[in-house]
Amino acid sequence: MDGAIIAALHQKRVNEALVQLWHTGFPFVLCDQQMQDIDVPSVIFDNHRAGYMATQELIRLGHRRIGFVGYDVAPPTGSRLDGYRDALNDAGILFDRSLTAIQSLEPGAAPRTLTFAAFIGSLSSRPDRPTAVVLHTEELPFLAYPLLKKQGLRIPKDLSIVAIGTADHAEALEPSLATVMLPCREMGETAMEVLMERLQNPVGAVEHRVLPVKWVPRASVASPGIA
């Protein structure tokens, strides 16, 4: 093949393979990842903005105890977790690690589903539980919704939920899921455009494009204690 578009896995072993590939001179574009050690063309979501926006919208509704469930991924442009922390800080809210469930994407880490399920499954027994939670990806609501229902916690009266993702299945959930929407189709189109330009001009400047995200409010969020 003449080139490739490679989706991020955010794992050390994969990153090492990407460095080796780069040294061969083979042209490729990274999706949703920027490398720190090598300058490779990339197309990323504005992940910091996504985490910030999700948290900021909850703060605007009056939430102060806001949890975060997701991954410890820190690209050079900032992560969703960084955005969450910065939004809290800018609102004068102290970051409380006990309100988070953070997991590594490395293969040797503890099973992610178990870590997240244990955190979500313990919320009803906590006297200091959060009134809202930001979920790192669009898959996590399918884990969270049944666990919250099993505990008798109502969305959004007892707990507001926001997820970051494509919002493809947001309307299928009950209540419908508030989302910070990631433009995945645009990412694919932009990555192909960047790759084609790279193939035509292999020695040109390395491009890095950041795609904006969008807040889509739905029924899973409300002010604390309001159905």
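The values are calculated or read from the model by the stated rules, or taken from the named source; none is laboratory data. Source: prediction; values computed, not measured. Here the Cβ positions follow ideal geometry from the backbone for every residue, glycine too, while neighbour counts run over all protein chains shown. Ligands, DNA and RNA are stripped out before the accessible areas are found, and what is left, the full protein with its side chains, is counted by its heavy atoms. Shrake-Rupley method; radii C 1.70, N 1.55, O 1.52, S 1.80 Å.
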Practice task
Considering only residues that are in contact (Cβ under 8 Å) with a residue 24 or more places away in the chain and open to solvent by 60 Å² or more (accessible area, probe 1.4 Å), look in the stretch 181-208 and name the one that is nearest to LEU58 (Cα to Cα).
Solution key: MET181
Fill in the blank from the handout: Being surrounded by fewer than 21 Cβ atoms within 10 Å (Cβ to Cβ) and within 15 Å of the chain's Cα centre (by Cα) narrows ALA172, ALA163, ALA178, ALA167 down to just ALA167
Practice task
Show the residue pairs that are 6+ apart or on different chains and have beta-carbon atoms under 6 Å apart, the first residue being within the stretch 112-126 and under 19 Å from TYR71 (Cα atoms), the second being open to solvent by less than 30 Å² (accessible area, probe 1.4 Å).
Solution key: ARG112/GLN103; THR115/ALA101; THR115/GLN103; PHE116/VAL69; PHE116/ALA101; PHE119/ALA101; ILE120/ALA144
Handout entry: Elements of type helices (runs of 4 or more DSSP H) in the stretch 44-122, at least 3 residues being at pLDDT 95 or above
Key = 47-60, 80-90
Practice task
Could you look through the stretch 125-136, keep only residues that are at pLDDT below 95 and out of contact with any Lys or Arg (no Cβ under 9 Å at 6 or more places or on another chain), and pick out the one that is surrounded by the most Cβ atoms within 10 Å (Cβ to Cβ)?
Solution key: ARG126
Problem - Residue check for ARG13: of a type in the set (D, E, K, R), open to solvent by 30 Å² or more (accessible area, probe 1.4 Å) and either outside any loop (DSSP other than H, G, I, E, B) or under 21 Å from HIS208 (Cα atoms) (or both) - result: yes
